[in-house]
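Undergrad: The structure that follows is given in the form of structure tokens.
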Amino acid sequence: MAEASESEEMPVRAGTGDEGSPLRVPVLGLVAPAAVWLWVASILALLGSLKLVDPRFLGTWGWLTFGRISPAAFLSFVYGFGIPMGLCAVLWAVTKGGRLSLPGGRWFLASSFLWNLGLWSGITGVLAGESRSLSWLGLPTFSLPSLGMAYLLSAGWLVALLVRRWEEGSLASRFLLLGLVWIPWGGGAAALWLHDPAVRGVAIGSLEWWFNDGLLYAGLGAFALGTVLLLLPSLLGRPAAFGGLGRRAFWAWVLFANLAGMAHLVGGPFPLWMVSSGVSSRFLLWVAAVAIGLGFWEAARRAPVEGKQWDAGWHFLRFGMGAFLVAAGLGAVLALPAWSRYVHYTVLEEAQLTLFLYGFLGMTFFALLYTILPRVLGRSWPSVGLAKAHFLLSSYGISFLTGLLAIGGLFQGVALDNAEVPIHEVILSLLPFLRSAAGPATALLAAHAVFGLHLLWLLVESGSNRREGEKAALPGVAMEGARTP
């Protein structure tokens, strides 16, 4: 492992000054709505898990059927929480931890308003039955112009800044740039192809899975990996050195993240080269994940630990990296034809997706918020107890939810492979696992509620501190023609 640092960014741990004031408006414009969307996604996901085992629950309300609230929960988390958190990481990177000014920062307010307006209309359309039934592409067409305009308004000049600093940029900046560029490129290409009359039938399936895993790995996954590399220097007190291994892992991620979705086409009416490229890409992504994981754990091993207090950001980040390695390995194994025969179309695939979304993306972005918000707002987090409660509830919910879905998926796959077992018996054998999953889902909802209350407490205290500081500064302000004591 090379010892030379690849990053010039080494943000200082959260302080109480005004270092992050240039980021106050744009970051809060992204974080506050994202916290609301996180709650919406958690509530809808819990309702979906309850309706999955008892369809009569809220059965008289058509807009709360399982087929509507389940994709609404998923889209709320991805587009309402995941992408804004990625933009927060990019803001932190281009301003070098709030030390540089942010020209045009107030444009983020207009961008955030347009983004949330489009997303609210889109989620409302999904609940009203206007979804296109394409999972990650499920937002209605009428919501896409507002979302696209909002993203380009906020991300366009960020891309220009990162491209201009490519030669001097860190590995974290390159992952963040990948996420910034892929989202509009992949989303725009998918939207254009969906409106092409020639793209129908099986072509829609291949397009859907290309976009799904592209957004998961090359979009959100790149944002999260960039966040991990960005936070390591401040959380460990020293820059992490990945050397050539990190650069190779980055280019492997660039090349194969776009093709990993083809692994879902195993057994379908698709050319063999498409399926083979998807399966091999899953394994090469796992190799890249292992390379990044080795650099992460090596940096963690060499970090000083004497007298270190409990750090919320470090605990969330460490859990997220562990979930990342397990989810990437599980995705590679599930792509094998020998395994996909049993587990394709089972909830084991949902377990892998849940671990990547909530275990890796969610926990990594929480680490970002616990690290940068005190510096942006000039105020430390009010309660260590609430941060610990948030971490424990989140880790319990993610671990048990993933475990229950994984075990249930194995039983489901074996039963589906047995032609003598009636399909209704397969469903009945899965119900205990689905019913038990409501407990971890409730724990996740409680964790997000704890975080929301903690965030609200921090914002209130930060606002009161600013007002007190302004009042204290008034008597000493020098004015022309007046004396000051």
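The values are calculated or read from the model by the stated rules, or taken from the named source; none is laboratory data. Computed from a predicted model, the values in this text were never measured in an experiment. Note that each Cβ is placed from the backbone with ideal geometry, even for glycine, and that neighbours are counted across all protein chains shown. Just the protein is used for accessible areas: all its heavy atoms, side chains included, with ligands, DNA and RNA removed. Shrake-Rupley method; radii C 1.70, N 1.55, O 1.52, S 1.80 Å.
Undergrad: Within the range 399-409, which residues are open to solvent by less than 30 Å² (accessible area, probe 1.4 Å) and closer than 9 Å to residue 443 by Cβ?
TA: 401
Undergrad: Can you tell me which of (1) assigned to a helix (DSSP H, G or I); (2) farther than 21 Å from residue 290 by Cβ; (3) modelled with pLDDT under 95 is the one residue 365 doesn't meet?
TA: Result: residue 365 fails condition (3) only.
To keep it simple, each residue is scored yes or no on (1) small (Gly, Ala, Ser); (2) farther than 30 Å from residue 431 by Cβ; (3) in contact (Cβ under 8 Å) with a residue 40 or more places away in the chain.
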{"residue": "285", "(1), (2), (3)": "no, yes, yes"}
{"residue": "309", "(1), (2), (3)": "no, yes, no"}
{"residue": "312", "(1), (2), (3)": "yes, yes, yes"}
{"residue": "342", "(1), (2), (3)": "no, no, yes"}
{"residue": "347", "(1), (2), (3)": "no, no, yes"}
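Undergrad: Within the range 441-463, take every residue that is under 19 Å from the mean Cα position of the chain (by Cα) and not hydrophobic (A, V, I, L, M, F, W, C) and give me the one that is farthest from residue 41 (Cα to Cα).
TA: So the residue we want is 452.
Undergrad: If you don't mind, there's one more thing I want to ask. Within 21 Å of residue 358 (Cβ to Cβ), at pLDDT below 85 and open to solvent by 30 Å² or more (accessible area, probe 1.4 Å) - does that describe any residue in the range 252-268?
TA: yes
Undergrad: Taking the range 384-398 as the search range and keeping residues that are without any contact (Cβ under 8 Å) to a residue 60 or more places away in the chain and open to solvent by 30 Å² or more (accessible area, probe 1.4 Å), which one is farthest from the chain's Cα centre (by Cα)?
TA: 385
Undergrad: Against the condition in a helix (DSSP H, G or I) and open to solvent by 40 Å² or more (accessible area, probe 1.4 Å), how does residue 113 come out, does it pass?
TA: It is true that residue 113 is in a helix (DSSP H, G or I) and open to solvent by 40 Å² or more (accessible area, probe 1.4 Å).
Undergrad: Could you tell me whether any residue of the range 416-434 is without any contact (Cβ under 8 Å) to a residue 12 or more places away in the chain and either of a type in the set (Lys, Arg) or under 30 Å from residue 93 (Cα atoms) (or both)?
TA: Within the range 416-434 (the criterion being without any contact (Cβ under 8 Å) to a residue 12 or more places away in the chain and either of a type in the set (Lys, Arg) or under 30 Å from residue 93 (Cα atoms) (or both)), the answer is no, since none of the residues qualifies.
Undergrad: Does any residue of the range 363-372 turn out to be at negative phi, open to solvent by 20 Å² or more (accessible area, probe 1.4 Å), of a type in the set (A, V, I, L, M, F, W, C) and under 15 Å from the mean Cα position of the chain (by Cα)?
TA: No: zero hits.
Undergrad: Moving to a separate point now. Just wondering, is there one or more residues in the range 286-303 that are at pLDDT 90 or above, open to solvent by 50 Å² or more (accessible area, probe 1.4 Å) and more than 22 Å from residue 247 (Cβ to Cβ)?
TA: No, the conditions are met nowhere in the range 286-303.
Undergrad: Could you tell me whether the range 371-381 includes any residue that is touching a helix residue (DSSP H, G or I) at 6+ places or on another chain (Cβ under 8 Å) and basic (Lys, Arg)?
TA: yes
Undergrad: Another question, if that's okay. What are the residue pairs meeting all of these: first residue in the range 173-187, first residue of a type in the set (Asp, Glu), second residue open to solvent by less than 30 Å² (accessible area, probe 1.4 Å), Cβ atoms under 8 Å, and 6 or more apart or on different chains?
TA: Correct list of pairs: empty, since none qualify.
Undergrad: Moving to a separate point now. Any residue in the range 45-62 that's without any contact (Cβ under 8 Å) to a residue 24 or more places away in the chain and open to solvent by less than 40 Å² (accessible area, probe 1.4 Å): show its pairings with residues that are in a loop (DSSP other than H, G, I, E, B) and not hydrophobic (A, V, I, L, M, F, W, C) at Cβ separation under 8 Å, as long as the two are six or more apart or on different chains.
TA: Correct list of pairs: 51/65.
Undergrad: Residues in the range 235-256: is at least one closer than 26 Å to residue 140 by Cα, touching a residue at least 40 places away in the same chain (Cβ under 8 Å) and of a type outside the set (Val, Ile, Thr)?
TA: no
Undergrad: Now for a separate question. Go through (1) at pLDDT 85 or above; (2) farther than 20 Å from residue 372 by Cα; (3) out of contact with any Phe, Trp or Tyr (no Cβ under 8 Å at 6 or more places or on another chain); (4) hydrophobic (A, V, I, L, M, F, W, C) and name the single condition residue 460 misses.
TA: It is condition (2) that residue 460 fails.
Undergrad: Got at least one residue in the range 67-76 being within 25 Å of residue 153 (Cα to Cα), of a type in the set (Ser, Thr, Tyr), under 17 Å from the mean Cα position of the chain (by Cα) and modelled with pLDDT of 85 or more?
TA: Yes, the range 67-76 contains a residue that is within 25 Å of residue 153 (Cα to Cα), of a type in the set (Ser, Thr, Tyr), under 17 Å from the mean Cα position of the chain (by Cα) and modelled with pLDDT of 85 or more.
Undergrad: Looking at the range 429-450 only, could you name the residues that are outside any helix (DSSP H, G or I) and either at pLDDT 90 or above or open to solvent by 20 Å² or more (accessible area, probe 1.4 Å) (or both)?
TA: If the condition is that a residue be outside any helix (DSSP H, G or I) and either at pLDDT 90 or above or open to solvent by 20 Å² or more (accessible area, probe 1.4 Å) (or both), then no residue fits.
Undergrad: Hey, another quick one. If we keep just the residues of the range 67-83 that are open to solvent by 10 Å² or more (accessible area, probe 1.4 Å) and either outside any helix (DSSP H, G or I) or of a type outside the set (Phe, Trp, Tyr) (or both), which is nearest to residue 224 (Cα to Cα)?
TA: Among residues in the range 67-83 that are open to solvent by 10 Å² or more (accessible area, probe 1.4 Å) and either outside any helix (DSSP H, G or I) or of a type outside the set (Phe, Trp, Tyr) (or both), the one nearest to residue 224 (Cα to Cα) is 71.
Undergrad: Is it the case that the range 51-61 has a residue that's more than 22 Å from residue 235 (Cα to Cα), at pLDDT 80 or above and of a type in the set (D, E, K, R)?
TA: yes
Undergrad: Would you call residue 324 within 24 Å of residue 390 (Cβ to Cβ), open to solvent by less than 40 Å² (accessible area, probe 1.4 Å), out of contact with any His (no Cβ under 8 Å at 6 or more places or on another chain) and part of a helix (DSSP H, G or I)?
TA: yes
Undergrad: Still on this model: Scanning the range 128-149 for residues that are small (Gly, Ala, Ser) and in a helix (DSSP H, G or I), which turns out least open to solvent (accessible area, probe 1.4 Å)?
TA: Within the range 128-149, the match that is least open to solvent (accessible area, probe 1.4 Å) is 143.
Undergrad: Please find, within the range 335-354, the residue that is nearest to the chain's Cα centre (by Cα) out of those that are aliphatic (A, V, I, L, M) and open to solvent by less than 20 Å² (accessible area, probe 1.4 Å).
TA: 351
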